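Okay, structure first, notes after.
The values are calculated or read from the model by the stated rules, or taken from the named source; none is laboratory data. From a predicted model like this one, the values you see are computed outputs, not experimental measurements. As a convention, Cβ positions derive from the backbone with ideal geometry for all residues, glycine included, and neighbour counts pool all protein chains shown.
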């Protein structure tokens, strides 16, 4: 959901991002509930149970904190993806445009070079 929000228009982007954060908070809450049920407390520590307020407050705090960790990890992955996209874009610009403009390719081979370059780009896009 957070990844989908990045590709949307500005006006919907923040709303969809917040909805994605809420999904991750709720998901983290239920994951914590699954991995640390009340039976584990009873078996491990001999604790009958925590007070209800403490139990739910700790669950909310843990779910929000783990949701924030998930969101920050998502941002890290999105930044690395953007860096890779920019790198690939710059490499394609160099291969297709700059190499011809800066005379790295002989004048007699320019048309052949452009045809092969465009064919490679088309093949790369078709295999995507």
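Beta carbons closer than 9 Å, at least 6 apart along the sequence or on distinct chains, never pair a first residue in region 26-43 that is closer than 19 Å to residue 66 by Cβ with a second that is at pLDDT 75 or above and outside any helix (DSSP H, G or I).
Which one of 63, 72 is in contact with a helix residue (DSSP H, G or I) (Cβ under 6 Å, 6 or more places away or on another chain) and under 19 Å from residue 24 (Cβ atoms)?
Of the residues listed, the single one that is in contact with a helix residue (DSSP H, G or I) (Cβ under 6 Å, 6 or more places away or on another chain) and under 19 Å from residue 24 (Cβ atoms) is 63.
Of all residues in region 61-75, exactly one satisfies the criterion of being over 17 Å from residue 18 (Cα atoms) and loosely packed, with under 13 Cβ neighbours inside 10 Å, namely 61. For region 41-50, check the following and say yes or no: at least one residue is surrounded by 13 or more Cβ atoms within 10 Å (Cβ to Cβ), part of a helix (DSSP H, G or I) and at pLDDT below 75. Looking through region 41-50, at least one residue is surrounded by 13 or more Cβ atoms within 10 Å (Cβ to Cβ), part of a helix (DSSP H, G or I) and at pLDDT below 75.
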